1. Could you count how many Lys pairs in segment B:5-215 have their Cα atoms under 24 Å apart, skipping same-chain pairs fewer than 8 positions apart?
2. Just checking the output field for B:41-54: average partner chain Cβ neighbours within 10 Å of each residue's Cβ?
3. For peptide C:195-207, compute the average count of partner chain beta-carbon atoms within 10 Å of each residue's beta-carbon.
4. What is the diffusion coefficient of segment B:132-276 in µm²/s, taking the Kirkwood radius over Cα pairs and the Stokes-Einstein relation at 37 °C with a viscosity of 0.692 mPa s?
5. Given charges of +1 on the Cβ of Lys and Arg and -1 on the Cβ of Asp and Glu, with all other atoms neutral, how large is the dipole of the protein assembly as shown about its Cα centre, in debye to the nearest 20?
6. How well do other chains shield peptide B:102-112, expressed as the mean number of their Cβ atoms within 10 Å of each residue Cβ?
7. What ranking of C:V180, A:V173, A:V98 emerges when the number of other C-beta atoms within 10 Å of each C-beta is taken as an exposure proxy, fewest first?
8. Put +1 on the Cβ of each Lys and Arg and -1 on the Cβ of each Asp and Glu in the protein assembly as shown; which of B:G97, C:A77, C:F270 then has its Cα farthest toward the positive end of the dipole?
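Please treat every number below as a calculation from the coordinates, not as lab data. None of the values given here were measured: they were computed from a predicted structure. Using ideal geometry, Cβ is built from the backbone for each residue, glycine included, and neighbour counts are taken over all protein chains shown.
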Amino acid sequence: MLNRTVAAITLRAVFGRRRAIVFGLPPLVLILVTVALKASHPPSGSGWPGHVLGDFGFSVILPLTALIIGTSVLGAEIDDGSIVHLLATPVRRSSVIVTKFTVAALLTMAFAAVPELIAALIASGGAGRFAIGVFAGALAGSMIYNALFVMVSVLTTRAIAVGLLYVLVWEVVLGNFVSGARLLSVEQYSLGVANSIARDSNLNAALNLRTAVIMGAIVTVIALVLATRRLSEFSLKGDAV
Amino acid sequence: MSTAIELQNVSRWYGNVVAVNDVTMMIGPGVTGLLGPNGAGKSTVLHLIAGFLPPSRGTLTVGGKPSWRNPDIYKTVGLVPERDSVYAFLTGAEFVGATARLHKLADPEGATRRAIGIVDMAAAQDRRISTYSKGMRQRIKVAAALVHDPTVLLLDEPFNGMDPRQRLHMMDLLTRLGAEGRTILLSSHILEEVERLAGTIQVIVSGRLAASGDFRAIRRLMTSRPHVFLVRTSDDRLLGSALIGSSAVTGVELTGRGLQVRASDYGAFSREIAGVTRDRGIRLRELLPEDESLESVFAYLIES
Amino acid sequence: MSADAATAGVIHDIGYRRYTGQRLGRAGIIRALYWHSLRSAFGIGRGAKAKIIPALTFVVICLPAVANAVAVARGSARIVPYDTYAFQLRVVVMIIYIAAQAPELVSRDLRSHVLPLYFCRPLRRLDYPLAKLAAFITACLIMIEVPLLILYLGTIAQSHGGSAIWNQTKALIPGLLVGVMWAVLLAAIGLVLASLSGRRAYATGAIAIFFFLTWILAGILISVNTRNVVHAVRVAPGAGGGVGPGPGKPVFITQVPTNAAHLSGLASPFTILDGVRQWLGGTSPSPLPGVGSYGALYGVALLVLLAASIGGLAVRYRKAGVA
């Protein structure tokens, strides 16, 4: 299923640009904020670890890092047409999608989930349920978000804009006001997983573990299947159009 | 010999724009040129054959199997696309090597070496592609398309950006490959190269197949247009007045370069000209066809 | 044609001509650049698709003013303050507008490498970014001040008497000044972030991520640093209902910001702007619960951000042919 050559090319492509530095910025902000808050001793009872790692970490840092990484494993290649060289070989399209998805998910886990863990450890002062829960939720989110964003990269050339609209409008704005939207929100899946271990009401998780895992798995599978279908039908425009 | 590429009533449209209009053609081994002005649909036809566009109507097969949504076809087909988009961050050797591995070749390193040697890029293979000139990029793309020893090779405007020496080298290469029995299809609007290279041409104008076959034979098929000759003699005016009396001739014109003769019947004219000049004591110095080149064939086809 | 034409033949020289008219100098170029950029900021002169986001965001940001006009016509007092307007709405709308439109002004020229063409004209190096900045500030001013004006007009339409109108005007002026601050700072930040990339998608992403991330961060820091203080309600004896301590004793909770909450506003340009407003005397409530004794710090932060943005633009465009 996984193709080593595709993975190697993808990694080279992702880290070959200066843009790779940007991966590290949002997680860095999260850690700095956590350290600053810890040092400034905010009032107890404010439940700030849950707020910061939930409302900020899972709502902003995780999806945005996943967006930057998920759209760069495939988006640029499709945009400038160099994907043709990959597709003009007998490599299975599903293999291409799954390999790129895996690379993106692993990178996001490294650049977002691990910093979340570090921040959670700092915030809660130790490796307790909170930190483990946050880490698990972030791992789940890394996977589901990337499946979604890889699919969006194949479906449209404006993947970043669509991804931003989803994160900013659907998840943050609607998710806070329309309860039905929470069922279709990757943030809620991640929070659901996190909360099942951490049991912290400040995380504002709306779904239980079973719902989160089932919906998350469904979204991931559907996204990857759609992406594979679309990639199999990849078209080059002729010069007449 | 089985036909490698077969199109039957293939059409492709985008909304209201018909890019390829009811094209039927069969392409066999050897070098075939796909000719046409810009925007005629040559790239579209190539992408259809390469499996990167589905036909809106009609059937298209390569080696007996359709190319759309069929990645296995790339085991025997190599594509050199026109767009100047390669993995610029890889070196030439890495790019061809990666392609070899994606083709699951038994000996990727050997195949890479061979392919790079064929296109004469061994000196630059360890430099990043972003440092290559346009001609070098074309050649490395050809190497990647050849690495798996395909029986069918599709090239979209392969001579773009090449200097004359590189062009000659590429033409040599393509001739050799064609002589080995492979099916080579190249698209171009640079007529001189295709003239020298391709035995058969397929002419696409405005999405339609305007002509196919040997280009000289095509030319002759168009007897409705007069053939034009340029004659230089000792007495052009006298010859002109004599020729206009012949039924094979539709017009004469005295130009600075000689006597331009329009002949409606090529065969009859070429039989008559010697007799007419001898009978009148005119010395025939030079007789040239003015419009045998592909360019004039083209121009006629486009005008019609 | 008269018979004379046949005898008097004239060969018309319609070949290449040199331009001998007036040439506008540097000022003309700057004016043209300014005007063209301002039009681009609203998608004018491009197709219909380029006008969608400017039109939508403009309509949305005017909605509170329209709602106010309707309410005032029904007899209530003005419901929307001039100095904060509808704060959250304005933040979201401006993020979307700037993220969408700043790249239109700046990233296109970078992508198509036309800067050398600009700079081989009598145009000084800094004229280009300053003209673009002036145009984008004007565009943001339109987005921010026009709703305020609609608010004003909608209110005074129902006012009677000069003093009522004068009161409204007195309240409007600070609001307009706050709007100017907003337009200047946000336009500068938007342009410098957009100039980082020639691809509009990346520029849009960078701007949206920066504004959005800092905005959420500020909100969280504020809420986390706010203590909940529980006050007991004294119920007078004999007033009916339960008297004295016991279950069901009514309480209410106030939010008291700590010093850290006052400082949290420095995390986001929007709260910095609001901090300066409160420091200068603005009293309408906003997500930032006061600046405590740090008012001057907010003023400094505003100037530093502005200087950094303009400086960033100058550095970016110092070399022509910037890719």
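1. Within segment B:5-215, the lysine pair count is 9.
2. Per-residue shielding by partner chains comes out at 4.
3. Mean partner shielding for this stretch: 3.
4. In µm²/s, the coefficient rounds to 176.
5. For this selection, approximately 1440 debye.
6. Average neighbour count from other chains, rounded to a whole number: 2.
7. Ascending number of Cβ neighbours within 10 Å: A:V173, C:V180, A:V98.
8. Comparing the listed Cα positions along the dipole, C:A77 ranks first.
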